[in-house]
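The values are calculated or read from the model by the stated rules, or taken from the named source; none is laboratory data. None of these values were measured; they are calculated from a predicted model. Cβ sites come from the backbone with ideal geometry, for glycine too, and all protein chains shown count toward neighbours.
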């Protein structure tokens, strides 16, 4: 199937364009674009992949096309037709073709669709897994934790693979009769699709989480009058339009929790990226 499926997809792309000489899509170019769709830097790399061959695609339950790589290949290939659509449109056409011809019978998602599934379904369906991952941290408190509060979603997509990161907090209720011992845990949940075929065919998800007890008290609101505005913005990211006081406080707790991990040398690359995002309000948002 390595050769057959990539050829079928490449033939489909070529047939999608004007057959006049000036607008023909070369077979070699079509194969390179299809390879990028499946996450490979070249058609040759697709053909020699023995670890996750394309012919195992029928075992996958999900394809997440590599639109970013497809766009890069478009820019590098010389002599492409001027009428060639965007990488997003090419990805959409290839996805529709594979589903219509039954070369793949499950889901083909964009990052946005993946994000909607993760943030609206997957993390809540696996809340017991997440709480188990955080059980050690929860044991540091005298609180009962119910539903989580998620505020951040990001996709990390690089040569190491695809990973979705969801950030938020558990807000607990102190156990009656026991002394107060903090009631908030700030956390990051890491969702890694299980790679099974090509670089973009997945089956199931691995879920892990890490967090820390938030024992840091923050101001009740964005009172930058007590300190220089530039310092306030640098430390908090500023007050954002439409953000409630409660949302501001939760964002500050999360910022300070990540800073605490980084200061203790327990931070990760994802921590740095998420901290930057939490502090990265545009000037108009202050």
- [ ] Within the stretch 28-79, track down each residue that is on the phi > 0 side of the Ramachandran plot and surrounded by 17 or more Cβ atoms within 10 Å (Cβ to Cβ).
- [x] 39
Open item on the list: Any residue that is farther than 28 Å from residue 158 by Cβ and at pLDDT 95 or above - is there at least one of those in the stretch 73-87?
Closed with: no
- [ ] Select, from 134, 90, 114, 122, the only residue that is in contact (Cβ under 8 Å) with a residue 12 or more places away in the chain and assigned by TED's automatic domain parsing to the domain that holds residue 14.
- [x] 90
Open item on the list: Scan the stretch 174-186 and tell me whether some residue there is surrounded by fewer than 18 Cβ atoms within 10 Å (Cβ to Cβ), part of a strand (DSSP E or B), modelled with pLDDT under 90 and on the phi < 0 side of the Ramachandran plot.
Closed with: yes
Task: Check on residue 35, at pLDDT 95 or above, more than 19 Å from residue 155 (Cα to Cα), touching a helix residue (DSSP H, G or I) at 6+ places or on another chain (Cβ under 7 Å) and outside the structural domain of residue 190 (by TED's automatic domain parsing) - done: yes
Open item on the list: Against the definition (at pLDDT 95 or above and either surrounded by 13 or more Cβ atoms within 10 Å (Cβ to Cβ) or more than 19 Å from the chain's Cα centre (by Cα) (or both)), how does residue 98 come out, yes or no?
Closed with: yes
TODO: Grab the helices (runs of 4 or more DSSP H) fully contained in the stretch 196-286, keeping just those with 1 or more residues being over 25 Å from residue 119 (Cα atoms) and modelled with pLDDT of 75 or more.
DONE: 245-263
TODO: Please indicate, with yes or no, whether at least one residue in the stretch 48-55 is assigned to a helix (DSSP H, G or I), over 16 Å from residue 97 (Cβ atoms) and free of Cβ contacts under 8 Å to residues at least 12 places away in the same chain.
DONE: yes
